[in-house]
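Engineer: The following block contains the structure, expressed as structure tokens.
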Amino acid sequence: MQPTKQRQHTSIAALVVMALGWALLGSAAQAQTSNPGTAPLTLQALFDQAWKRQPEAQSAALRREAAQATRSAAAAWTAEPVALELATKTDRPGSNQGSREAEVGLALPLWLPGERARKAALADAEAQALGSRQRAAQLQLAATVREVWWAAQRAQADQALAQERLLNAQRLAADVARRVRAGDLSRADQAQADGAVAQAEAAMAEAQGARDAAQSALAAWGVQAAPTMALADGAEPEPPVPDATAAAAQHPAAADWQDQAEVARRAADLAAVQTRANPELTVAATRGREQAGDRYQQTFTVGLRIPLGGGDRAQAKQATARADAIDAEARAAVEQRRLAADIAAAMARVKATQAQRDALARHAALAQGTRGFIDKAFRLGETDGPTRLRVELEAAQAERQLARARIDAAAALSHLRQALGLLPQ
């Protein structure tokens with residue numbers, strides 16, 4: 001073989017290897033494998049399954065029941081349940097002689113001035129805080145689920161691309177083998193094509209392992225991992241773009257701290273009136289006799305028990321409640337500033353990824369058109385093999401960049417919804 005022809009074969013083989021390397025990132029990014037008749041898993045379905053397994057979701061009904069009971073207790077006529085008092089008295093135990101007396105009474109704990117209304121306000125604040133705490137827990141879970149979801153999306157796309165790369169390598173190796181038998185290519189070209197198949201098989205094994213690991217991560221959230229499990233594209237609806245500061249003020253995480261601050265303020269207001277124990281109103285009926293043979297007499301007693309002030313204990317309770325309120329208010333302000341910055345950054349990221357996706361879509365379309373022109377010219381003998389492989393490489397690279405850009409744009413939109421406090425849809 002002449003040196004010129006050898007150099008041409010070497011150049012062609014090198015370009016073949018490069019093209020096969022980029023084929024990993026070709027149009028097969030959209031391919032999915034699924035069981036017949038099984039709908040692809042969606043991000044919202046994954047979140048719903050994950051939330052059902054959370055302790056907050058399983059205890060939510062009982063916590064709401066407890067909050068309702070607390071509110072009902074604040075609406076009662078007495079500060080504490082009514083107590084029944086029973087007493088008997090005699091000067092000759094063990095006989096029916098001498099004086100005897102039996103007393104039946106009720107002790108009614110009374111509300112302190114302003115205590116009933118403030119305790120009801122505290123119960124309402126606690127119920128509100130319970131709802132916001134659950135929404136904040138849902139959003140925190142959504143962040144983790146979204147991260148796992150997009151990792152699975154990328155792993156699935158890589159596995160599909162690796163499979164397409166392997167198919168392309170096998171087809172090329174078969175074509176090279178045919179041309180070697182015809183005498184158009186050398187055995188060195190056959191060896192390089194077979195090596196490309198081996199590299200594609202290794203890449204396929206690596207991508208399959210990453211996909212299996214991603215599905216195992218999904219299984220941790222209640223999804224049955226399976227080699228043929230298919231995922232939906234995961235794109236969430238684009239939310240309206242609000243002002244970052246206003247959106248941060250309505251964010252569930254900020255609302256959680258604000259509601260905690262409101263609970264602490266209501267607790268401080270209640271502690272301000274609970275400076276002593278609750279007074280008690282006592283109503284009793286007494287029936288007794290002076291000695292054996294006398295008629296029993298009936299008497300009634302009404303009494304009032306007023307505890308003295310709580311002193312330092314009441315002051316400590318009130319100071320602690322006000323300190324908790326100040327702490328929660330400060331945390332809410334810090335959280336709002338952080339959330340506003342996150343929302344602004346997420347909005348900028350969405351715009352950047354969408355612009356990149358649109359630009360790469362135009363680039364991929366142009367690369368596909370060029371590939372069609374060069375392929376036709378190659379079949380007509382108007383261009384050489386290295387040019388054909390170079391254009392194929394550029395088209396495959398453009399497809400790879402577009403596939404990645406689409407996933408990045410969808411993930412950026414999902415991150416914006418997370419920053420805005422919206423659950424998966």
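The values are calculated or read from the model by the stated rules, or taken from the named source; none is laboratory data. Quick caveat: nothing in here was measured; it's all calculated off a predicted structure. Ideal geometry is used to build each Cβ from the backbone, glycine not excepted, and the neighbour counts take in all protein chains shown. SASA here: full protein model, heavy atoms, side chains in, ligands and nucleic acids out. Shrake-Rupley method; radii C 1.70, N 1.55, O 1.52, S 1.80 Å.
Engineer: Please give the contour-minus-distance gain from residue 282 to residue 212: 0.36 nm per residue of separation, less the Cα-Cα distance, rounded to one decimal in nm.
Structural biologist: 17.9 nm
Engineer: Show me the ranking of peptides 251-264, 332-345 by mean Cβ neighbours inside 10 Å, starting with the highest. Don't jump to the answer; show the numbers that get you there.
Structural biologist: Details: 251-264: 22.7, 332-345: 17.2.
Per-residue mean Cβ counts within 10 Å order the peptides as 251-264, 332-345.
Engineer: Report the Stokes-Einstein translational diffusion coefficient (µm² s⁻¹, integer) for the range 33-122, Rh taken as the Kirkwood radius over Cα pairs, at 20 °C with viscosity 1.002 mPa s.
Structural biologist: Using the Kirkwood radius from Cα pairs, D works out to 109 µm²/s.
Engineer: Still on this structure, I have one more. Just subtract the alpha-carbon distance of residue 167 and residue 320 from 0.36 nm times their residue separation and send over the number in nm, one decimal.
Structural biologist: Gain on stretching residue 167 to residue 320: 48.1 nm.
Engineer: Divide, for the range 267-337, the radius of gyration over alpha carbons by 2.2 N^0.38 Å, where N is the residue count. Don't skip to the answer; put the middle values down first.
Structural biologist: Details: Rg = 24.5 Å, N = 71, 2.2 N^0.38 = 11.1 Å.
My calculation over the Cα atoms of the range 267-337 gives 2.20.
Engineer: Separate question: Arranged from highest to lowest average of other beta-carbon atoms within 10 Å per residue, in what order do the peptides 96-108, 268-280 appear?
Structural biologist: Numbers: 96-108: 15.0, 268-280: 18.4.
Result, highest mean first: 268-280, 96-108.
Engineer: Separate question: Would you mind classifying the range 103-209 by shape? Square roots of the alpha carbon gyration tensor eigenvalues, ordered a ≥ b ≥ c; an a/c under 1.5 is rounded, otherwise it is prolate if a/b is larger than b/c and oblate if not. Please list the in-between numbers first.
Structural biologist: On the way: a/c = 10.74, a/b = 6.88, b/c = 1.56.
Note, shape of the range 103-209 comes out prolate.
Engineer: Would you tally the net charge around residue 167, using a Cβ to Cβ cut-off of less than 14 Å, leaving residue 167 out, and scoring K and R as +1, D and E as -1?
Structural biologist: Every neighbour counted, the sum reads -1.
Engineer: Sticking with this one: Over the range 108-206, what is the relative contact order in whole percent, taking alpha-carbon pairs under 8 Å and six or more residues apart? Can you show the working numbers first?
Structural biologist: Numbers: 29 pairs, mean separation 24.7, N = 99.
Contact order relative to length: 25 percent.
Engineer: In straight Cα distance, which aspartates and glutamates are under 14 Å from residue 317, not counting same-chain residues fewer than 8 positions off?
Structural biologist: 269
Engineer: Full extension from residue 377 to residue 130: what is 0.36 nm times the residue separation minus their Cα-Cα distance, to one decimal in nm?
Structural biologist: 81.9 nm
Engineer: Could you give the accessible area per residue of the range 44-128, probe 1.4 Å, as a whole number in Å²? If you can, show how the numbers build up before the last one.
Structural biologist: Details: 5530 Å² over 85 residues.
It amounts to 65 Å² per residue over the range 44-128.
Engineer: At 1.4 Å probe size, put 216, 186, 414 in order of accessible surface, largest to smallest. It would help to have the intermediate numbers written out before the result.
Structural biologist: Values: 216 70, 186 30, 414 0 Å².
Sorted by accessible area, descending: 216, 186, 414.
Engineer: If you don't mind, another one. Dipole of the range 123-223 (Lys/Arg Cβ +1, Asp/Glu Cβ -1, origin at the Cα centre): which of 193, 142, 153 lies farthest to the positive side?
Structural biologist: Of the listed residues, the answer is 193.
Engineer: Considering the options 346, 367, 333, tell which one lies farthest towards the positive end of the dipole of the range 327-375, charges being +1 on Lys and Arg and -1 on Asp and Glu at the Cβ, about the Cα centre.
Structural biologist: Going by the Cα projections, it comes out as 367.
Engineer: So, one more: Got a number for carbon plus sulfur as a percent of the range 232-324's accessible area, 1.4 Å probe?
Structural biologist: Carbon and sulfur: 52 percent of the exposed surface of the range 232-324.
Engineer: For the pair residue 89 and residue 337, how long in nm is the line joining their label points, each one 7 Å along Cα→Cβ?
Structural biologist: Each label point lies 7 Å from its Cα, and together they span 6.9 nm.
Engineer: Right, something else. With a 1.4 Å probe and every protein chain left in place, tell me how much accessible area residue 265 has, in Å² to the nearest 10.
Structural biologist: The accessible area comes out at roughly 90 Å².
Engineer: While we're on this one: Roughly how many nanometres apart are two label points built 7 Å out from the Cα toward the Cβ at residue 290 and residue 178?
Structural biologist: 13.1
Engineer: A follow-up question, please. Give the carbon-plus-sulfur fraction of the accessible surface of the range 38-144 in %, rounded to a whole number; probe 1.4 Å, heavy atoms of protein chains only.
Structural biologist: Answer for the range 38-144: carbon and sulfur cover 55 percent of the accessible area.
Engineer: For the range 273-320, what is the accessible area per residue in Å² when the probe is 1.4 Å?
Structural biologist: 75
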